[in-house]
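Report on the structure given below.
Every read-out reported here was derived from the displayed coordinates using simple, explicitly stated rules and does not represent laboratory data. All of these numbers come straight from a predicted model, not from anything done at the bench. Because the Cβ atoms are built from the backbone with ideal geometry, glycine has one as well, and the counts that use them run over all protein chains shown.
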2 protein chains.
Amino acid sequence: MTSFYDSLDLIFHPRSVAFVGISISNPFHWTRTFWYSCREFGFQGPLYPVNPSGGELDGCHVYKSLDEVPGEVDFVISTVSAGIAPEIVRNCADKGVKAIHFCTAGFDETGETATAGLQGELSRLAHETGVRIIGPNCMGIYCPASRLSYDTGFEKESGNVAFISQSGANSLYLVREAGWRGVRFSKVISYGNACDLNECDFLEYLIDDAETSIIALYMEGVSDGRRFLRLIEKAARKKTVILIKAGLGEAGARATITHTASLAGNDMIWETLCRQFNLIRPKNVEEMVDVLVTLTFMPDPGGRNAVLIGMGGGTSVGLTDEFERRGFRLPVLPQSIRQKLMGFSQLAGNMLHNPIDYSQDMISSDKLISAVDILTDWDEINFCVGFLRPSQMPPYVWLVMLKWSQALVKAYLGSRKPLAFICDNAILPERHTITFSLWQEFIKARVPVYYSYPGAAEALRLVVRYNEGKQEA
Amino acid sequence: MTSFYDSLDLIFHPRSVAFVGISISNPFHWTRTFWYSCREFGFQGPLYPVNPSGGELDGCHVYKSLDEVPGEVDFVISTVSAGIAPEIVRNCADKGVKAIHFCTAGFDETGETATAGLQGELSRLAHETGVRIIGPNCMGIYCPASRLSYDTGFEKESGNVAFISQSGANSLYLVREAGWRGVRFSKVISYGNACDLNECDFLEYLIDDAETSIIALYMEGVSDGRRFLRLIEKAARKKTVILIKAGLGEAGARATITHTASLAGNDMIWETLCRQFNLIRPKNVEEMVDVLVTLTFMPDPGGRNAVLIGMGGGTSVGLTDEFERRGFRLPVLPQSIRQKLMGFSQLAGNMLHNPIDYSQDMISSDKLISAVDILTDWDEINFCVGFLRPSQMPPYVWLVMLKWSQALVKAYLGSRKPLAFICDNAILPERHTITFSLWQEFIKARVPVYYSYPGAAEALRLVVRYNEGKQEA
């Protein structure tokens with residue numbers, strides 16, 4: 001008999017995929033997304049477009065129905081309208097399909113009587129036929145190893161991060177954003193209304209998935225509280241777990257599909273759960289990306305003592321406030337280290353304390369590298385953070401900043417302590433061009449880099465707290 | 001006798017400016033910044049470069065010393081090194097200069113014995129000679145009305161916002177960023193080490209400045225606590241005051257010039273002060289920009305009831321969490337309004353509750369405009385927020401988003417209630433291009449627009465709280 005793990009693993013590694021309901025006439029139709037993505041990704045098995053109109057699509061024969069497809073079909077990505085969905089499940093059962101992803105919306109999430117019953121029918125059919133369903137109302141599966149994807153431009157390399165997301169929009173954001181910043185995924189599942197497979201099923205699967213060592217979850221509702229508790233405890237023992245439970249307020253809970261019973265105590269209950277099992281709890285998906293970047297690229301600093309390097313006095317003080325506010329400490333620079341720094345650094349325009357403002361000597365990459373070397377050799381500190389703000393700097397400094405980022409990367413490579421960088425994203429086009437170059441330097445070097453200093457401080461707080469929790473356990 | 005207001009007002013409206021210490025040989029030297037800025041700005045009076053080497057600069061005669069300058073000199077921008085600064089004050093006194101801005105660093109902020117005494121000497125000379133000093137270690141004055149500026153690219157139009165900033169870096173960031181987002185300034189002062197003129201002097205001046213109705217302050221230390229308290233109370237009675245007191249933690253306070261006595265209670269003291277006088281208190285300059293945008297473009301919503309419109313279910317729920325977390329309410333959409341919306345909107349793929357997900361019908365600008373019209377006509381709500389996330393969207397939606405932003409702006413113009421928009425700043429170049437177009441649409445229409453939903457929620461919380469405070473007073 002197939003184990004639970006193996007039965008789900010098959011879904012992530014289909015040998016063939018059919019795209020049921022794909023638009024044949026309109027190349028810009030949203031139903032084309034999955035087709036383009038799997039083609040761009042280089043899916044190894046056959047990809048079958050299915051549409052009653054027949055014809056041809058990108059040089060491939062379009063089958064009028066699923067039973068016309070000559071070979072076996074393991075996985076179906078369905079974009080048909082809600083009313084036809086039950087019929088598709090029956091067709092899939094006849095064809096021997098293992099799983100269907102219904103991107104299709106228009107089920108229980110509308111809250112309307114017009115759509116009532118449809119989702120229940122899908123659930124019943126899944127149980128009756130044994131065809132597993134992902135969705136409806138979701139983006140489905142991204143699995144780099146099997147070349148399955150639900151958007152173009154996603155990273156093709158596999159990694160150790162899995163993401164289970166009730167929301168399709170947030171999964172699109174997170175995969176693209178974390179991917180560009182260097183995080184690599186094992187499996188991502190946008191599971192939507194969960195008429196059959198739900199967050200617990202995917203969590204149970206990922207606990208045993210050797211490829212996955214970090215599990216991130218974005219959930220709005222919980223289908224089975226007891227099972228979830230049992231699984232999340234197990235998951236947290238074996239892996240690093242990051243959890244967002246969204247929809248905590250009154251309207252937020254109203255907007256989620258399953259209306260949880262206890263609204264008022266919601267936030268406290270989830271906070272307690274996260275503390276008990278040492279789960280990392282970011283407030284939103286932007287923070288979750290920052291946490292993933294930290295876990296991927298920053299070795300455990302092993303403590304809260306930091307040395308901070310800014311560009312300009314005010315920038316350094318602002319940076320310091322955000323870190324101290326979150327329980328980090330900036331030890332006083334000992335005279336011996338100050339003497340070393342003063343041996344080659346200007347006094348005027350720099351601030352050779354902790355925080356350090358090294359803006360006056362930023363024109364010299366060598367000085368910056370030496371300064372970071374000296375600071376990260378200092379036993380008193382656990383990590384070092386450098387802050388560049390392209391949106392602040394006058395134009396004559398733009399190219400200097402590029403040299404600075406290169407020097408920081410060099411210092412990073414030779415450093416005994418973890419380093420992190422902050423580089424804001426300037427919006428004005430000429431500034432954005434230089435910003436993007438700085439980011440490319442950092443990303444090429446595979447370093448932890450953040451858009452904002454509160455964002456960096458918060459991600460580091462969450463991860464350092466998590467590491468402390470592991471020590472306490 | 002000249003009043004205090006008039007004596008300071010002269011400094012903001014000099015008839016001529018000399019640039020003492022400007023580099024003649026190196027066009028990319030930082031000392032050129034002020035020269036380029038005032039020239040680009042079109043300063044009306046004579047601008048005199050002064051450098052012992054003499055020669056010519058951009059077609060202008062370079063004077064070897066201040067006393068060689070033929071006409072009167074009202075204002076001097078000095079970039080000489082710290083050791084020469086006292087001599088410059090004496091030269092200025094001889095020439096009848098009214099005020100000097102010392103950009104020059106290398107004074108008390110270094111905390112080194114090597115520079116000890118120099119700043120005190122500047123203070124004494126200012127008092128002895130009557131020449132007022134701004135700085136040292138700062139960027140000086142930006143005053144659009146008199147065409148004085150300390151960076152190129154600053155906005156030339158005047159406005160009602162004044163900014164007093166101890167930090168030059170933060171003032172560069174804030175003026176550029178708020179300026180591009182449509183905020184206009186009356187006077188901005190980066191005052192640095194405040195050896196003569198300090199935050200209290202500028203505050204006292206701005207209280208009586210008819211051009212200024214909003215006063216923003218970024219301070220690290222306070223020179224005279226009692227005077228500051230008296231002035232801030234007066235300022236808050238007459239104008240809207242936004243205050244950042246930076247350097248609140250141990251290292252933060254250490255990094256600031258004046259080491260305040262009570263470190264531990266610092267944050268609470270400032271929080272109490274801000275509550276007592278109903279000052280707006282953002283945590284950092286990024287939040288301060290968001291507050292300025294809100295005050296400039298968003299009429300007082302008059303309450304905390306919101307309707308939120310997202311792109312995708314998860315996006316809408318995340319947006320809702322950030323607003324509910326901050327004490328905003330999302331009233332339940334009445335059946336009458338839902339019926340109106342359902343008359344022309346799809347059920348599948350939209351979420352016609354509050355929060356609204358209108359992503360399915362985003363392709364139709366007309367539907368979106370009608371939906372916003374219906375929602376903002378609803379008596380129950382005080383304001384409406386729309387959220388676009390270009391970094392989330394797949395490529396086929398990019399151009400649709402542009403139409404969407406145009407439709408939102410149209411809806412805004414016809415709306416009975418205040419609207420605000422959120423549009424994140426995608427970093428990948430092709431996405432950034434579309435992001436920038438969306439931002440241009442919003443900024444052209446002079447609407448409140450924010451980079452992040454936590455940022456927007458926090459700025460609205462601060463401003464709504466401020467408006468409530470005015471009602472309570």
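Using the Cα centre of chain A as the reference point, and only Cβ charges (+1 on K/R, -1 on D/E), how large is the resulting charge dipole? Debye, rounded to the nearest 20. For chain A, the charge dipole is close to 1120 debye.
Taking other C-beta atoms within 10 angstrom as a stand-in for reagent exposure, B:409, B:317, B:291 fall in the order B:409, B:291, B:317, fewest first.
Where does the charge balance sit around residue A:289 when Lys and Arg score +1, Asp and Glu -1, over other residues with C-beta under 9 Å from its C-beta? It would help to have the intermediate numbers written out before the result.
On the way: positive: A:181; negative: A:177, A:286, A:287, A:290.
Summing Lys/Arg as +1 and Asp/Glu as -1 gives -3.
Beta-bridge orientation, chain B: approximately 15 percent antiparallel, per DSSP, counting only bridges with both partners inside.
Qualifying GluC sites (Glu not before Pro) in segment A:26-103, where qualification requires a DSSP coil assignment and no more than 11 other C-beta atoms within 10 Å, are lacking entirely. The same position residue A:210 in the other copies lies at 8.1 nm from this copy, comparing label points 7 Å beyond Cα toward the beta-carbon, shortest first. For chain B, the longest principal axis of the Cα atoms and the long axis of helix B:398-413 meet at an angle of about 80 degrees.
Using only side-chain charges placed at the Cβ, +1 for Lys and Arg and -1 for Asp and Glu, the dipole size of segment B:110-175 relative to its Cα centre rounds to 160 debye.
First check a/c for segment A:338-414, with a ≥ b ≥ c the square roots of the eigenvalues of its C-alpha gyration tensor; if it is under 1.5, answer rounded, and if not, answer prolate when a/b is larger than b/c or oblate otherwise. In terms of gyration-tensor shape, prolate. Between A:69, A:53, A:20, the Cα set farthest toward the positive side of the dipole of segment A:4-76 (charges on each charged residue's Cβ, about the Cα centre) is that of A:53. Dimensions of chain A from C-alpha coordinates, computed as largest minus smallest value along each principal axis and given longest first, are 79, 50, 41 Å. Rounded if a/c is under 1.5, else prolate if a/b beats b/c, else oblate: with a ≥ b ≥ c from the C-alpha gyration tensor eigenvalues square-rooted, which is segment B:324-473? Oblate, since a/c reaches 1.5 and b/c is not below a/b. A crude spin-label estimate for the pair residue B:272 and residue B:67, with each label 7 Å from Cα along the Cβ direction, gives 5.6 nm. Placing one equal scatterer on every Cα of the protein assembly as shown and applying the Debye formula, the log10 ratio I(q)/I(0) at q = 0.09 Å⁻¹ is -0.97. Per residue, the average separation of C-alpha pairs within less than 8 Å and at least 6 apart gives chain A a relative contact order of 10 percent. Modelled label positions at residue B:56 and residue A:30, each set 7 Å beyond Cα in the direction of Cβ, lie 6.6 nm from each other.
Grab the other residues whose beta carbon is less than 14 angstrom from that of residue A:227, score K and R as +1, D and E as -1, and report the net.
Working: positive: A:226, A:230, A:234; negative: A:199, A:201, A:204, A:224, A:233.
Here the charged neighbours net out to -2.
Which shape class applies to segment B:170-255: rounded if a/c is under 1.5, otherwise prolate when a/b exceeds b/c and oblate if not, where a ≥ b ≥ c are the square roots of the Cα gyration tensor eigenvalues? Verdict is oblate for segment B:170-255. Nearest 5 is fine: what % of DSSP beta bridges in the protein assembly as shown come out antiparallel, could you say? So the antiparallel bridges in the protein assembly as shown amount to around 15 percent. Loop-resident chymotrypsin sites (Phe, Trp or Tyr not before Pro) (DSSP state other than H, G, I, E or B) in segment A:1-64 with no more than 15 further Cβ atoms inside 10 Å of their Cβ: A:28.
Each of A:113, A:104 was scored by other Cβ atoms within 10 Å of its Cβ. Arranged with the fewest first, they read A:113, A:104.
May I ask for the net charge around residue A:119, where only other residues with Cβ less than 9 Å from the Cβ of residue A:119 are counted and Lys, Arg are +1 while Asp, Glu are -1? Please list the in-between numbers first.
Details: positive: none; negative: A:108, A:109, A:121.
Charge balance near residue A:119 sits at -3.
Sorted fewest first by neighbouring Cβ atoms within 10 angstrom, A:274, B:195 come out as A:274, B:195.
Which stretch or stretches of segment B:385-417 have amide N atoms under 17 Å from the point lying 7 Å from residue B:433's Cα along the Cα→Cβ direction? Taking a point 7 Å out along Cα→Cβ of residue B:433, the residues of segment B:385-417 whose backbone N falls under 17 Å are B:390-391, B:393-403.
Please report the antiparallel percentage of DSSP beta bridges with both residues in segment B:270-392, rounded to the nearest 5. Working shown, then result.
Working: 2 of 9 bridges.
Around 20 percent antiparallel, to the nearest 5.
Roughly how compact is segment B:281-367, stated as its Cα Rg over 2.2 N^0.38 Å to two decimals?
Details: Rg = 15.4 Å, N = 87, 2.2 N^0.38 = 12.0 Å.
In units of the globular-protein estimate, segment B:281-367 measures up at 1.28.
Rg then Dmax, both in Å and based on the Cα atoms of segment A:1-85: 13.5, 44. Rounded to the nearest 20 debye, the dipole size of the protein assembly as shown about its Cα centre is 300 debye, using +1 on the Cβ of Lys and Arg and -1 on the Cβ of Asp and Glu. Please name which of A:198, A:172, A:231 has its Cα lying farthest along the dipole of segment A:171-231 towards the positive end, using unit charges on Cβ (Lys, Arg +1; Asp, Glu -1) and the Cα centre as origin. Of the options given, the answer is A:172.
Axis angle, to the nearest 10 degrees, between helix A:168-180 and the longest C-alpha principal axis of chain A: 40 degrees.
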